[in-house]
Amino acid sequence: MIKHTHTQKRIIRMTIFIQMVLVTMFFTIPLNAHSDTTKERSHRYGEIAFFLAESDLYDARLILKVKDKIGLTNEQEEKIEDIMLAHEAFVIRNSAEIKIKELRFASYLKSEPGEMDRRQVEKYIREISKEKTDLIVHCMNYLLDLKEILTPSQLQKVAEIRKKMKTLWGEKK
């Protein structure tokens, strides 16, 4: 059995908490959006997109939506579409894997208290955390890859468009 100091336990708990917050903040809304209406989905997804825009990171859908206004070339458009499709496939597979592992873990936790092994509990938690971390890292790389495709001028135009959209969106609240 692994013995952790109080500080190590706090760090582990904080790391798991941060991972959960990041996953929830960036991905839970878009992934669960299939059950919402298009209007509700775009509203919630817009909240996340605004956060990303503050970081000068933009989702492929926004970039493709304003492609004519920012002067996107056909080559850039194809690259963005390819990256977007690969990203969505990864997110679907990874999210399904996370859900399966969470269900297995929940099932394990329902076992008799005497049958529960701390090492097995830790193994489940580490596997789930690794999948969620992989998802976060992949999504950030996806956004950074998209950013690298755009020229500085195009990034500036997207930022200006996003700023206008944010102003309009804020007025509708």
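No value in this document is a laboratory result; all are computed from the given coordinates. Being a predicted model, the structure only gives us computed values, none of them experimental. Every residue, glycine among them, receives a Cβ derived from its backbone with ideal geometry; neighbour counts consider all protein chains shown.
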(request) Among HIS138, HIS87, rank each residue by its count of other Cβ atoms within 10 Å, from fewest to most, as a rough exposure measure. (result) HIS138, HIS87
(request) For the pairs LYS69/LYS166; LYS67/LYS132; LYS67/LYS164, note any where the Cα-Cα span goes beyond 23 Å. (result) LYS67/LYS132
